[in-house]
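Everything on this sheet refers to the single structure shown next.
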Amino acid sequence: MRKLFIFLLLFFLFAPAAAGTTVIIDPGHGSPDGGTVGLSGIPEKDYTMAIARDLDAFLGFMGIPRVLTRETDSGVYDGDALTIRQKKVSDLQNRLKLSLETEDPVFLSIHMNASPVSSAAGFQIFYAPSEGSYALGEKMNAVFSSSLPRTRIRPLSPAPKAVFLMRKLSCPALLMEYGYLSNPGESAKLDRASYRKKLAFLTACGLYTYLTNEG
């Protein structure tokens, strides 16, 4: 990890990122939709927010423009959305709207996984059908594969059609599943701020590599 950090620090100093691109950091869920719940009782929305904040800080260090879809515990639904269903629909529409209002965006949705099988584990990237998404996913997967055990990296896969945002986004977009909160080992790792920061740093490196090559 230290060698990777030093190499990429030098890389950042001499390789400018693609001009004009803004990374949309999307911490999944947000009250009242907490997402899945870790074995320690922490809801997914809190894990995604923590990684998003670290990612925001790393991208700022790299000089990459970025915006978060949400910056608080709450979702981004409209005030006239009353039921939980209405709030979820409004929330997704507003995240999509932000991408349409942002010039030259790259969209990164942060999530955690879960399974009824406690042994299920692994980091996984899903790419949207939009142009540039697969290339972004390849760069991101390469960075994570260089730092995490390969046995913990699941194959890069197309996003399921049922995932609204991935289906609707027209910009390069990824759905990042950082681990299984239903797995005792991964849930314990994700509880550690240092591990979440590592995941955020690797994500920033993947984004920078993609943006530099595209630029």
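List every residue pair whose Cβ atoms lie under 6 Å apart, where the two residues are 6 or more positions apart in sequence or sit on different chains, the first residue falls within the range 91-106 and is touching a residue at least 60 places away in the same chain (Cβ under 8 Å), and the second residue, located anywhere, is buried (at least 16 other Cβ atoms within 10 Å of the Cβ) and among the small types (Gly, Ala, Ser).
What qualifies is 91/75; 105/99.
Being in contact with a His (Cβ under 8 Å, 6 or more places away or on another chain) and either farther than 19 Å from residue 75 by Cα or crowded, with 17+ Cβ neighbours inside 10 Å (or both) is true for just one of 60, 35. Which residue is that?
Details: 60 fails: in contact with a His (Cβ under 8 Å, 6 or more places away or on another chain).
On inspection, the qualifying residue turns out to be 35.
Let's see how each residue does on (1) at pLDDT 85 or above; (2) of a type outside the set (Phe, Trp, Tyr); (3) assigned to a loop (DSSP other than H, G, I, E, B):
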position	(1), (2), (3)
4	no, yes, no
19	no, yes, yes
45	yes, yes, no
67	yes, yes, no
76	no, yes, yes
86	yes, yes, no
92	yes, yes, no
95	yes, yes, no
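Suppose the filter is surrounded by fewer than 16 Cβ atoms within 10 Å (Cβ to Cβ), of a type in the set (A, V, I, L, M, F, W, C) and touching a residue at least 24 places away in the same chain (Cβ under 8 Å); does residue 84 pass it? Outline the logic, then answer.
On the way: surrounded by fewer than 16 Cβ atoms within 10 Å (Cβ to Cβ): yes; of a type in the set (A, V, I, L, M, F, W, C): yes; touching a residue at least 24 places away in the same chain (Cβ under 8 Å): yes.
For residue 84, the condition - surrounded by fewer than 16 Cβ atoms within 10 Å (Cβ to Cβ), of a type in the set (A, V, I, L, M, F, W, C) and touching a residue at least 24 places away in the same chain (Cβ under 8 Å) - is met.
Quick one: count up the residues across the range 97-118 that are assigned to a helix (DSSP H, G or I) and either of a type in the set (A, V, I, L, M, F, W, C) or in contact with a Leu (Cβ under 7 Å, 6 or more places away or on another chain) (or both). Lay out the reasoning, then the answer.
From the range 97-118, those assigned to a helix (DSSP H, G or I) are 97-101; that's our starting set.
Adding the requirement that they be either of a type in the set (A, V, I, L, M, F, W, C) or in contact with a Leu (Cβ under 7 Å, 6 or more places away or on another chain) (or both) leaves 98-100.
Result for the range 97-118: 3.
Of the conditions (1) touching a helix residue (DSSP H, G or I) at 6+ places or on another chain (Cβ under 8 Å); (2) surrounded by 19 or more Cβ atoms within 10 Å (Cβ to Cβ), residue 153 fails just one. Which one is it?
Evaluating residue 153 over (1) touching a helix residue (DSSP H, G or I) at 6+ places or on another chain (Cβ under 8 Å); (2) surrounded by 19 or more Cβ atoms within 10 Å (Cβ to Cβ) leaves (2) as the failure.
So residue 124 fits all but one of (1) buried (at least 16 other Cβ atoms within 10 Å of the Cβ); (2) in contact with a helix residue (DSSP H, G or I) (Cβ under 8 Å, 6 or more places away or on another chain); (3) not β-branched (Val, Ile, Thr); (4) not in a helix (DSSP H, G or I); what number is the exception?
Going through the list (1) buried (at least 16 other Cβ atoms within 10 Å of the Cβ); (2) in contact with a helix residue (DSSP H, G or I) (Cβ under 8 Å, 6 or more places away or on another chain); (3) not β-branched (Val, Ile, Thr); (4) not in a helix (DSSP H, G or I), residue 124 breaks only (2).
Considering only residues that are buried (at least 21 other Cβ atoms within 10 Å of the Cβ) and of a type in the set (Ser, Thr, Tyr), which ones fall in the range 100-121?
Of everything in the range 100-121, just one residue is buried (at least 21 other Cβ atoms within 10 Å of the Cβ) and of a type in the set (Ser, Thr, Tyr), namely 109.
Could you give every pair whose Cβ atoms fall below 6 Å, whose first residue belongs to the range 186-204 and is under 19 Å from residue 121 (Cα atoms), and whose second residue is in a helix (DSSP H, G or I) and among the hydroxyl-bearing types (Ser, Thr, Tyr), counting only separations of at least 6 or pairs across chains?
Note: pairs meeting the criteria are 189/195; 190/47.
Cβ-Cβ under 8 Å, sequence separation 6+ or interchain: first residue in the range 33-56 and without any contact (Cβ under 8 Å) to a residue 60 or more places away in the chain and within 14 Å of residue 179 (Cβ to Cβ), partner crowded, with 18+ Cβ neighbours inside 10 Å and among the polar types (S, T, N, Q). Which pairs?
From the range 33-56, no pairs qualify.
Would you check if residue 24 is out of contact with any Cys (no Cβ under 7 Å at 6 or more places or on another chain), of a type in the set (A, V, I, L, M, F, W, C), touching a residue at least 24 places away in the same chain (Cβ under 8 Å) and surrounded by fewer than 19 Cβ atoms within 10 Å (Cβ to Cβ)?
no
The values are calculated or read from the model by the stated rules, or taken from the named source; none is laboratory data. Remember, it's a predicted structure, so these values are computed and weren't measured experimentally. No Cβ is skipped: glycine too gets one built from the backbone with ideal geometry, and neighbour counts run over all protein chains shown.
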